[in-house]
1. Which residues, counting only those in the range 268-297, are surrounded by fewer than 24 Cβ atoms within 10 Å (Cβ to Cβ) and among the β-branched types (Val, Ile, Thr)?
2. Of these, 308, 300, which one is small (Gly, Ala, Ser), more than 8 Å from the ligand (Cβ to nearest atom) and buried (at least 18 other Cβ atoms within 10 Å of the Cβ)?
3. Hey, can you tell me all the residues within the range 284-315 that are touching a strand residue (DSSP E or B) at 6+ places or on another chain (Cβ under 6 Å) and of a type outside the set (Gly, Ala, Ser)?
4. Which numbered condition trips up residue 278, out of (1) acidic (Asp, Glu); (2) more than 30 Å from residue 333 (Cβ to Cβ); (3) within 25 Å of the chain's Cα centre (by Cα)?
5. Looking at (1) more than 9 Å from the ligand (Cβ to nearest atom); (2) loosely packed, with under 15 Cβ neighbours inside 10 Å, which one does residue 131 not meet, given that it meets all the others?
6. Going through 263, 222 one at a time, which residue ends up being more than 9 Å from the ligand (Cβ to nearest atom), in a helix (DSSP H, G or I) and modelled with pLDDT under 95?
7. Please count how many residues of the range 266-288 are touching a residue at least 40 places away in the same chain (Cβ under 8 Å), more than 13 Å from the ligand (Cβ to nearest atom) and over 21 Å from residue 189 (Cα atoms).
8. Conditions first: (1) assigned to a strand (DSSP E or B); (2) in contact with a Leu (Cβ under 9 Å, 6 or more places away or on another chain); (3) not basic (Lys, Arg). Residue 342 passes all but one, so which condition is the exception?
Amino acid sequence: MLAPESARFEAVVARFAGHAHRAGFGLYIGPMFEDAAVFRRGVGEESEVVAKEMYEFEDKGGRVLALRPEGTASAVRAFIQHRPPVPWKAWYVTPAFRYEAPQAGRYRQHHQLGVEALGTEDPDVDVEVIALLSSFLGSVGVSRVELRVNSMGDADCMPAYREALAAYLAAHDSELCDEHRERWRRNPLRVLDCKRDECVAVRAGAPRITDYLCELCRLHFARVLEGLDALGIAWRRDDWLVRGLDYYTRTTFEFSALALDSAQNGVGGGGRYDGLVEVLGGPPTPGVGFGSGIERILLACEAEGALADVELGVDVFVVDLLGGAAARDLTHELRQAGIAADRAFDGRSLKAQLKVADRSGARLACIVGPEEEASGKVTLRVLRGPDAHHQESVARDELVARIESARS
Ligand code: HAM
C-alpha cells in the first residue's frame with residue numbers, strides 16, 4: 001500500500017491510538033512470531049486459524065515458530081513474561097497472517113488494531129472495550145454497523161451446554177456439512193459458526209447457550225447489556241456468536257459493517273477469555289479485548305464515502321529557478337518551523353517543477369527566481385482552492401509567519 005492510499009491507513013491508526021490513550025490503554029509492541037505452541041494452546045488446535053491457516057516454520061535452531069495469526073495469545077504470553085500491574089490495559093497495531101483464500105476483505109497478511117484488558121472480571125470493562133471500538137468506528141466514518149453480542153458462559157456452565165449440543169448434533173450428524181460431520185465431536189461449538197446451509201439449518205433447532213448460563217454468568221451478561229444501553233450503544237443478541245477462536249468465555253461481540261458484502265463484513269470482534277492466561281502457564285487472570293481489521297475498515301470507509309478528504313500532501317512546495325540552493329535552505333527552514341515542505345530536484349524547468357508541485361498536494365508554491373533573490377523576497381502562489389493562481393510577494397524573513405497565517 002503506497003501513498004496517497006496509505007494516508008488513510010495512517011489516519012485510521014492515529015485515530016485508534018487517540019481513542020485507546022483516552023481510555024487509559026498503553027501501547028504494547030510484541031514480536032511478529034512466537035513459539036507455535038502459544039497459538040496451538042492459546043487459540044486452540046481445533047480452531048480454523050490454527051488447524052488450517054497458521055504459517056508455521058522451523059528456524060535454524062530447530063524451534064517451531066508461527067507468524068502471529070492474531071494478537072491476543074501473544075499479548076497474554078507477554079503479560080505472563082512481564083507481569084505488569086493489573087488491570088493491564090494494552091493496545092496494539094500488528095500485521096496478522098492467515099493462510100486463507102485471498103479475496104476482497106480477506107488477506108493472507110492483514111493488519112489488526114486491538115486492545116486487551118487483563119486482570120479484572122468487571123463487566124464494566126467489557127462495556128468499556130465495546131464502547132471504545134464503537135466510538136472509534138464512528139470516528140473514522142464507519143457509521144452503518146450492527147453490533148451482535150452473546151455470552152458463552154464459563155467453566156461452570158459451558159460443559160453442560162457442550163454436552164447438550166453434542167447430544168443434539170449426534171442425532172443430526174448426517175445432516176451436517178461435509179466438514180463438520182463427525183468432526184463436530186472434537187469441538188461441537190464450531191458447527192455454530194459454520195456458514196454452510198446444512199449446518200445453518202441444523203443449528204436452528206439446537207440448544208441455545210442462553211438457557212444454560214449459570215447465575216453468575218447471567219448477572220455478568222445482564223450488567224454488560226445494561227452498560228451498553230446506558231452508553232446508547234445499540235446491540236442485538238445472537239445466541240450463535242461463539243467466534244472462531246477457542247479461548248472465549250462469557251461475553252463475545254462482533255461489529256459488522258452493513259455497507260460491505262456479508263461474507264467479509266466483520267470490522268471488529270472480541271470478547272472475554274478468562275481462562276487463557278492459565279492455559280498459557282500464568283496465574284488465574286481474567287481478560288477481555290477485541291481485534292479490528294484495518295483493511296476492512298478502509299473498505300467500509302470507501303463504501304460509506306468516509307475519510308475521502310484525508311491527504312498527506314505537504315503545505316508548501318518550493319520552486320527554485322536558481323539551481324537548487326534556495327530550495328535546499330528554504331525547505332529546511334520551513335520544516336524546522338513545523339511546516340511540511342517539499343521541492344523538486346535535478347534543476348528541473350519551471351514548468352516541470354510546477355507539475356511536481358501540483359502532484360505534491362501542496363496548497364502553496366513558494367517561488368524563488370532571480371528577481372526574488374535580488375529583492376530579498378519570495379513569491380507565494382496559491383495552487384488550489386478558491387484563491388488558486390493568486391500570488392503575492394513576501395519578504396524572506398516574513399515567510400514562515402505568512403504561511404502559518406495562510407494555513408489557519
Ligand atoms: P478475529 O475475529 O479473528 O479475532 O479477527 C479480528 C478482526 O480482524 C476481524 O473482525 C476482521 O476485521 C479482521 N480480520 C481477520 N482475518 C482477516 C483477514 N484474513 N483479512 C482481513 N481482515 C481480517 C481475533 O483475532 C481476536 N484476537 C480478537 C480478540 C482480541 N479477542 C479478544 N481480544
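The values are calculated or read from the model by the stated rules, or taken from the named source; none is laboratory data. These numbers were taken from a predicted model, which means no experiment stands behind them. We place every Cβ from the backbone using ideal geometry, glycine too, and count neighbours over all the protein chains shown.
1. Those that are surrounded by fewer than 24 Cβ atoms within 10 Å (Cβ to Cβ) and among the β-branched types (Val, Ile, Thr): 277, 279, 285, 294.
2. Numbers: 308 fails: buried (at least 18 other Cβ atoms within 10 Å of the Cβ).
300 is the lone residue from the list that is small (Gly, Ala, Ser), more than 8 Å from the ligand (Cβ to nearest atom) and buried (at least 18 other Cβ atoms within 10 Å of the Cβ).
3. So the first thing to find is which residues in the range 284-315 are touching a strand residue (DSSP E or B) at 6+ places or on another chain (Cβ under 6 Å), and the list is 285, 287-297, 300, 314.
Listed by number, the residues that qualify are 285, 288, 290, 294, 295, 296, 297, 314.
4. In the conditions (1) acidic (Asp, Glu); (2) more than 30 Å from residue 333 (Cβ to Cβ); (3) within 25 Å of the chain's Cα centre (by Cα), residue 278 misses (3) alone.
5. Residue 131 satisfies all of (1) more than 9 Å from the ligand (Cβ to nearest atom); (2) loosely packed, with under 15 Cβ neighbours inside 10 Å except (2).
6. On the way: 222 fails: modelled with pLDDT under 95.
Just one listed residue meets the conditions, 263.
7. The number of residues fulfilling the criteria is 4.
8. (2)
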